[in-house]
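The values are calculated or read from the model by the stated rules, or taken from the named source; none is laboratory data. Remember, it's a predicted structure, so these values are computed and weren't measured experimentally. Please note: Cβ atoms are built from the backbone with ideal geometry, for glycine as well, and neighbour counts cover all protein chains shown.
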Amino acid sequence: MLETPVIVATVVPGRPLRIPHGVVSSKPDPGVRAVKVLDPTLPRDYEIDFKIVSREIVLGNLPNELGSPRVVVELEDGAKVLFRSREVNLRGVTNFRDSGGYRSGTGILPWDRIFRSDNLAKLDFGDWKMLHALGIRRIVDLRTADERFQSPTIIPKGLGDIELISIPMSGEIAGTMDAISLILAGRLESVTASDMGEMYRSMVRDHTDDFLRVLAILEDDSPAATLVHCTAGKDRTGLVIAFYQLRSGARIEDVFADYVRSNILRTPFRVEFLGPIFSEAGIDITRFIPYLSAPPKAFFEALNFARKEFPMLVYPKSNGLGN
């Protein structure tokens, strides 16, 4: 039986989806038999109306209640193609996504197994039900005790089979985890990508054993899906997931693309929120964009440092350097 190919696409609840013929099949007219919407967070599947317009398959609006939508196009010759997003439709976070689906030397990193996110303090009960429906039974929290106190993760009653694992890591700018306070107090003039790179290198050096502990959890043979998160889901979480993907044999271009995805999902919301606050204080927020984003320069500085000093963090075990 042929494996159904998976194509990563922007699948948005409540909106239509346009699929070019050539993505589904090399045939001029692939002959579409049906289009179905699957979602592990819902009790049933949907068969959705579609039409062929100018060599595209145009779907009607997808159901609004989708959490992790997947669209299956079934062809008349029996072949199927699956379209899905990395992002999950949750209300209480901005940077939640699946870390799988990338090519590796041995195949494809598994979907629905390793997720990443910013902090979970604002998840509502519906969000938690979606996490549970996705099979997430372990949450690795990389935040410090102070961060957890300020924004606690509270798992609702009835979902007690989700295990919360704390492996705190810290990354400091100008000697503090809370650079925003220094910025608003006028004690920090800017944060550069080089500053972020130094912070990343310090995290790798000071928390090598913690990174290895998290990686051991992500790489074990548990059937449970695991969610890794910190406060913003871009720095500590970004490095953990990058190391996991690299050790799993993912291509560096895919690992990098996954890392900078935070600049689309997280950074604009953070800049929008902090912009008026910085403006009122007479502070130019553009001088601190590297701190509010996932800077490419910092990523490669951390990666090069880990490759040289801590190769077990980044190299696949199969080549001997990851042992």
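Which residues, counting only those in the range 33-59, are without any contact (Cβ under 8 Å) to a residue 12 or more places away in the chain and within 27 Å of the chain's Cα centre (by Cα)? Correct list: Pro43, Arg44, Asp45.
Whether any residue in the range 156-172 is surrounded by fewer than 17 Cβ atoms within 10 Å (Cβ to Cβ), of a type in the set (A, V, I, L, M, F, W, C) and without any contact (Cβ under 8 Å) to a residue 24 or more places away in the chain is what I want to check. No, there is no match, as no residue in the range 156-172 is surrounded by fewer than 17 Cβ atoms within 10 Å (Cβ to Cβ), of a type in the set (A, V, I, L, M, F, W, C) and without any contact (Cβ under 8 Å) to a residue 24 or more places away in the chain. Within the range 147-171, the set of residues being under 30 Å from Ser194 (Cβ atoms) and of a type in the set (A, V, I, L, M) comprises Ile167, Met169.
Of all residues in the range 72-93, those being of a type outside the set (Lys, Arg), surrounded by fewer than 20 Cβ atoms within 10 Å (Cβ to Cβ) and assigned to a loop (DSSP other than H, G, I, E, B) number 6. Just one of the listed residues (Arg137, Arg143) is surrounded by 17 or more Cβ atoms within 10 Å (Cβ to Cβ) and within 26 Å of Arg270 (Cα to Cα), and it is Arg143.
Of the helices (runs of 4 or more DSSP H) entirely within the range 117-221, those holding at least 1 residues that are hydroxyl-bearing (Ser, Thr, Tyr) occupy 179-184, 193-206, 208-218.
Inspection of the range 1-19 identifies at least one residue that is in a loop (DSSP other than H, G, I, E, B), out of contact with any His (no Cβ under 6 Å at 6 or more places or on another chain), hydrophobic (A, V, I, L, M, F, W, C) and surrounded by fewer than 12 Cβ atoms within 10 Å (Cβ to Cβ).
Listed residues Glu163, Glu172; which is of a type in the set (Asp, Glu) and within 26 Å of Pro295 (Cα to Cα)? After ruling out the rest, the residue left standing is Glu172. When Pro110 is tested against (1) of a type outside the set (Lys, Arg); (2) at pLDDT below 95; (3) in contact with a helix residue (DSSP H, G or I) (Cβ under 7 Å, 6 or more places away or on another chain), only condition (3) is not met.
Once the range 111-134 is narrowed to residues that are closer than 22 Å to Phe83 by Cα, buried (at least 17 other Cβ atoms within 10 Å of the Cβ) and of a type in the set (A, V, I, L, M, F, W, C), the residue that is nearest to the chain's Cα centre (by Cα) is Phe115. Of the helices (runs of 4 or more DSSP H) lying entirely inside the range 233-323, those containing at least 3 residues that are touching a residue at least 12 places away in the same chain (Cβ under 8 Å), under 17 Å from Leu212 (Cα atoms) and out of contact with any Gly (no Cβ under 7 Å at 6 or more places or on another chain) are 236-247, 296-309.
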